[in-house]
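Just so it is clear, none of the values below were taken in a lab; they were calculated from the coordinates. None of the values given here were measured: they were computed from a predicted structure. Glycine gets a Cβ as well: all are built from the backbone with ideal geometry, and neighbour counts include every protein chain shown.
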Amino acid sequence: MQTTIIPAGDFCVIPLPEPILEAAQFEENDIVQVTVEYNKIVIQKASKRHQTLEERFEGYSGDYKCEEWDTGPAVGREIIKDDYSK
């Protein structure tokens, strides 16, 4: 099957016919993962499982150390340490 890439503002759209979506078991509004492998665009359903903290930091080799930092004076209805009555 051939189709045409259609410009749509800052991105492009590739229309996919219903039989192709059905064969791939895709439905309207499915969230998909799009990657490029060996000059091919690969579209697959996105994993619904959330990554663990370990998975999110897998491969991270930085030396970041957690520390407090000042965001400036209170400007809204933040709780002030010394006065919890407000």
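Couplings 3J(HN,Hα) of the stretch 17-27, computed from phi: x, 3, x, 5, 4, 5, 4, 8, 6, 9, 10 Hz, in residue order, whole Hz [Karplus 6.51 cos²θ - 1.76 cosθ + 1.60, θ = phi - 60°; x for Gly and Pro]. Taking only Cα atoms and a 10 Å spring cutoff, compute GNM fluctuations for the chain and point out the largest among E37, E68, E55. Largest GNM mean-square fluctuation: E68.
Estimated from helices alone, the mean residue ellipticity of the chain at 222 nm is -2000 deg cm²/dmol (sum of -39500 (n - 2.57) over DSSP H runs with n ≥ 4, per residue). The string of couplings for the stretch 54-59 from the Karplus curve (6.51, -1.76, 1.60, θ = phi - 60°) is 5, 5, 5, 9, 4, x Hz, one whole number per residue in order, with x for Gly and Pro. Near the amide H of K45, within less than 5 Å, lie the amide hydrogens of Q33, all on another chain or at least 5 residues away, with H placed in the peptide plane.
Shown for the stretch 6-47 is the translational diffusion coefficient from the Stokes-Einstein equation, using the Kirkwood radius over Cα pairs, a temperature of 4 °C and a viscosity of 1.567 mPa s: 110 µm²/s. The tail of the calculated P(r) for the chain, taken as Cα-Cα distances beyond 15 Å, holds 80 percent of the pairs.
Stretching the chain fully between W69 and F57 yields a gain of 2.1 nm (0.36 nm per residue, less the alpha carbon separation).
Legend: ranking of residues S61, S47 from fewest to most surrounding C-beta atoms inside 10 Å; resulting order S61, S47.
Computed from backbone phi, the HN-Hα couplings of the stretch 38-44 come to 6, 6, 10, 8, 10, 10, 9 Hz, rounded to whole numbers (Karplus: 6.51 cos²θ - 1.76 cosθ + 1.60, θ = phi - 60°; Gly and Pro given as x). Placing +1 on the Cβ of every Lys and Arg and -1 on the Cβ of every Asp and Glu, with nothing else charged, gives the chain a dipole about its Cα centre of roughly 120 debye.
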